[in-house]
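Here the structure comes first, spelled out in structure tokens, and everything after it is commentary.
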Amino acid sequence: MIYFDNNATTQIDARVFEAMLPFLKNMYGNPSSVHRLGRIAKSAIEVAREQVAALIDASPSQIIFTSGGTEANNLALHNSNGLLAISAIEHPCIAEPAKCKNAQIIPVNADGLIEPEAISKLIKKRPDFVSIMLANNETGVIQPITEIAAQLNEHGIIFHTDAVQAVGKIPVSFSQLGVQMLSLSSHKIYGSKGCGALVVDKSMAINPLLLGGGQEQNLRSGTENVAAIVGFGKAAELAKSELETRHTKMLELRTLLESELEKLPRVTIFAKNAPRLPNTTLFGIDKIEGEWVLLTLDKKGICVSSGSACASEGQEPSPVLLAMGISAEQAKTAIRVSSSHHNTTADVLQFIEVIKSFGV
Ligand SMILES: Cc1ncc(COP(=O)(O)O)c(C=O)c1O
């Protein structure tokens with residue numbers, strides 16, 4: 001099998017799995033318990049907090065563990081009390097809660113990028129809170145978050161970024177980005193599903209979504225998913241120490257894939273000229289539906305996605321591509337290849353051979 005769907009989820013790293021195991025077996029204490037098993041669990045969470053903080057250049061007290069990226073994003077948006085603004089290309093777990101808050105939508109250009117003028121225009125509407133993703137899950141396009149933060153910070157507007165896809169693939173520094181909140185997810189960086197974090201600038205007083213036992217500094221009640229948090233910490237530690245080698249490997253594969261795809265006359269690579277994640281290529285084959293390509297590749301043991309995992313259940317064209325001005329017809333051709341450092345040149349070449357067999 002060839003797995004090219006790492007933006008949907010990643011395979012848990014064997015070292016992460018090993019780190020988690022004791023907390024699923026013998027070290028099952030509740031971190032709120034005062035006895036020794038409780039204390040072991042509590043201190044394991046604190047180690048993980050340090051590891052996650054180190055990955056993104058934040059301080060441990062800024063990390064609030066959640067059940068994943070979706071909860072982190074919902075928690076962030078819960079803290080907009082005035083006019084909320086989000087980009088037109090956000091993940092559904094930002095776009096859907098934003099709908100309930102009648103959010104302003106910030107447009108992107110044909111490359112999938114937000115232009116400074118769009119932010120200047122937005123500022124005139126006096127939003128209290130802006131959420132713009134760092135890297136897009138479908139196209140891989142990386143937004144100029146530092147520049148946008150400089151514009152927004154001047155006006156005291158709270159700025160949140162969904163860094164779920166960026167972290168572990170490119171260097172991400174919470175302190176340098178200039179945002180007040182940032183979302184993370186463990187299963188995108190070879191950790192387990194069901195775990196993530198919201199990173200919050202401590203100068204901000206935030207309101208929790210979940211009320212109860214007061215865990216996570218009163219900001220996220222609920223007994224902690226200790227094993228998953230420990231795994232997230234280990235995954236973060238590995239992502240930090242291996243970032244450069246992983247990046248180099250993924251970029252090598254992407255360069256090979258795209259140079260081969262470009263030889264095929266019916267292929268279009270979306271957002272080709274924008275700064276993008278090293279592992280992501282979104283492309284379409286003229287007049288062939290992405291869904292058909294996905295299913296045909298699946299029969300040959302190759303896993304890809306046709307747009308985002310959530311969108312792939314429906315036949316609707318990707319809102320991300322529509323926002324870039326791409327026609328609905330062409331958007332429906334989209335196929336996403338998202339690699340990991342575990343993929344090989346042979347994987348890419350085999351993939352290309354199958355694509356060529358479609359007579360493109
Ligand atoms: C950009 C982005 N944000 C948030 C999420 C949601 O994260 P989780 O699956 O941990 O809820 C995803 C998952 O696909 C994503 O790609």
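Structural remarks
- Residue within segment 304-315 that is crowded, with 17+ Cβ neighbours inside 10 Å, closer than 30 Å to V172 by Cα and at pLDDT 95 or above present: yes
- Subset of segment 221-234 that is farther than 15 Å from S186 by Cβ and either in contact with a strand residue (DSSP E or B) (Cβ under 6 Å, 6 or more places away or on another chain) or among the hydroxyl-bearing types (S, T, Y) (or both) - its residue that is surrounded by the most Cβ atoms within 10 Å (Cβ to Cβ): S221
- Conditions (1) away from the ligand (no atom under 16 Å from the Cβ); (2) within 17 Å of the chain's Cα centre (by Cα); number of the one not met by S338: (1)
- Residue in segment 92-99 that is basic (K, R) and either in contact with an Asp or Glu (Cβ under 6 Å, 6 or more places away or on another chain) or assigned to a helix (DSSP H, G or I) (or both) present: yes
- Here T9 passes the criteria (1) within 16 Å of the ligand (Cβ to nearest atom); (2) in contact (Cβ under 8 Å) with a residue 12 or more places away in the chain; (3) assigned to a helix (DSSP H, G or I) except the one numbered (3).
- Residue match in segment 66-74 (condition: closer than 18 Å to I206 by Cα, more than 10 Å from the ligand (Cβ to nearest atom) and surrounded by 24 or more Cβ atoms within 10 Å (Cβ to Cβ)): no
- Looking across A41, A118, A85, one residue alone is more than 27 Å from S338 (Cα to Cα), part of a strand (DSSP E or B) and not assigned by TED's automatic domain parsing to the domain that holds S305. It is A85.
- Set V52, V34: member being in a loop (DSSP other than H, G, I, E, B), aliphatic (A, V, I, L, M) and either assigned by TED's automatic domain parsing to the domain that holds S183 or within 16 Å of the ligand (Cβ to nearest atom) (or both): V34
- Among the residues of segment 84-98, at least one is more than 16 Å from the ligand (Cβ to nearest atom) and farther than 21 Å from S173 by Cα.
- Residue tally, condition touching a helix residue (DSSP H, G or I) at 6+ places or on another chain (Cβ under 8 Å) and surrounded by fewer than 13 Cβ atoms within 10 Å (Cβ to Cβ), over segment 324-343: 1
The values are calculated or read from the model by the stated rules, or taken from the named source; none is laboratory data. Predicted model, so just to flag it, every value in this text is computed and none were measured. For neighbour counting, all protein chains shown are included, and Cβ atoms are generated from backbone atoms with ideal geometry for every residue, glycine included.
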